[in-house]
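Inspection log for the structure reproduced underneath, given as structure tokens.
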Amino acid sequence: MADNGDDEYRIQQGDYVVLKRGDIFKAVQIVPKKKIIFEKQWFFLDNAVGNLYSTTFEISSGGILQPQKLKETGTPSDLKEAGTDNRNIVDDGKSQKLTRDDIETLKEQGLKGQEIIQQLIENSSTFRDKTEYAQDKYIKKKKKKYENTVTVLKPSCRILAMMYHGREPGKICHLRYDTLAQMLTLANIHARSKVLVFETCAGLVLGSIMERMGGYGSVIQMYPGGGPVRAGVESFGFPAHFHDTLHEFPICHVNALLAGDLDTTAKDPTAEEKFSLAADEEQIQPEAEQQGSPEEQSMETNAEDDAAQDQEKIEKEKRKEAKAQERKVKLEEKRKKLAAAAALLEGRNADGLVIASRFHPCPVLMTLLRFLAPSRPFVVYSQYKETLIECYTKLKEQGGTVNLRLSDTWLRHYQVLPNRTHPVLLMSGGGGYLLSGMTVAVDQSKPAASQRSEEPAPKRQKLKDTEG
């Protein structure tokens, strides 16, 4: 049994985990007897519970996971002779004696991936003639194809960013994980701070900020539309106290809050109209059911049928009352959340602002900057530099910000192996653009034009006339 101290490092029932195989990731939740399909293979995660995170499992028959045993230090390539070069090797498809049917037969016999790879090596006529590097490459390629293994990882900002960028980059506005790391650094995200977030990246940026803050402080999510999108936040698997620091505020009410016209105690008229219409429909429905032709009413003489109908009406009334009560509770909770977020924003003393959205960032940035305290950082991400250039120009014209910087991120992976270290041929074309800066207090009593007029004129150097 594991000690209570390392429970957080062990896989528990109901945890959100990330499955990894090669460079492919997938976020799932551990549910008993739930069938998981990953990379054209299906299995159950029940046997993973209790093991440490980052454990690699072998997928056996029946979809049962078994922890992978430590392999011996020797590899099949060490047992074979290596050639000096590959000049005499011809790829004519005849070097492998095993056919596809033979490999399928080996799988049916229960041979594991490593054993199948060993059979492929023994039945290859050109393996000995390959160089040592070519042999390692051959084995690595066959392992990727025939080894049925999966690694269970603990969700983190970096892993989820790599997962989204590899599988669905459009959902996160093509935000790369190195760009996300720079955003967290430039915005000075830390515990016990108050951060404003406006993002449409499936909750990835929001979850990364919550992870960096560690459950201390306040995060106010400004969202467009009817409600916030937090699919990425759920994949982090935060404990309950992390969500207590998360607040939400609709971006459409920001202007009313700045003008002082926002009334958080008033009821939502649109919601009340919906509820009244639903109540009217429910009242009309039983009346329509009661109406009928005289012949039908005369035929209903059975007392048991009348009692059953009365009981059904009572149950309908109870269900209707329960639904109405549930709606009222939800409305009240929504009003309380709105009031709590508005109270945090009214002080206009936020410690940071992060914007990463598919919308044009300029109007959002100009509005939300008014909620920041002086000497506080802000950072804006965009997939296109033209939108950030417009933001940069307007900030320069408006004033109130310093240290404005528009930057581009560049990332390239390197293969580091003995005598084979070189950049990876395929790389990401771009990681987006970042606009960062710092807010400063502005003297509102004097206009910007008068301030510029009071600045001393630059001194000009006097030139002496020289004769000759």
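The values are calculated or read from the model by the stated rules, or taken from the named source; none is laboratory data. Note that the structure is a prediction, hence the values are computed from the model and not measured. Every residue, glycine as well, gets a Cβ built from its backbone with ideal geometry; the counts of neighbours run over all protein chains shown. SASA here: full protein model, heavy atoms, side chains in, ligands and nucleic acids out. Shrake-Rupley method; radii C 1.70, N 1.55, O 1.52, S 1.80 Å.
The table for this structure:
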quantity	calculated
Accessible-area ranking of T409, T55, largest first, probe 1.4 Å	T55, T409
Which of E248, E346, E108 is most accessible, then next, and so on - probe 1.4 Å	E108, E346, E248
Cβ-placed point charges (K, R +1; D, E -1), dipole of the range 322-368 about Cα centre in debye, nearest 20	360 debye
Dimensionless Rg over Rh [the range 124-195; C-alpha; Kirkwood]	1.25
Long pairs among K40/K112; K35/K316; K34/K154; K97/K137, criterion Cα-Cα beyond 27 Å	K35/K316
Estimated FRET transfer efficiency (Q68, T99; beta-carbon r; R0 30 Å; 0.05)	0.55
Tensor-based shape of the range 177-227 (alpha-carbon gyration tensor, a/c under 1.5 rounded, otherwise prolate or oblate)	oblate
Accessible surface, per residue, of the range 184-234 when the full set of protein chains is kept, probe 1.4 Å, Å²	33 Å²
The range 118-164 versus the range 313-380: alpha-carbon centroid distance in Å	48 Å
In Å², nearest 10: area of K394 left accessible to a 1.4 Å probe	90 Å²
L52 accessible area, 1.4 Å probe, all protein chains in place, Å² to nearest 10	80 Å²
Solvent-accessible surface ranking, highest first, for V440, V380 at 1.4 angstrom	V440, V380
Ordering of 323-329, 424-430, 156-162 by burial proxy (mean other Cβ atoms within 10 Å per residue, highest first)	156-162, 323-329, 424-430
Spatially proximal lysines relative to K396 (Cα-Cα < 21 Å; intrachain offsets below 8 disregarded)	K385, K446
K144 paired with E321, simple spin-label distance in nm, labels 7 Å along Cα-to-beta-carbon	6.5 nm
Accessible area (Å², 1.4 Å probe, nearest 10) - T105	60 Å²
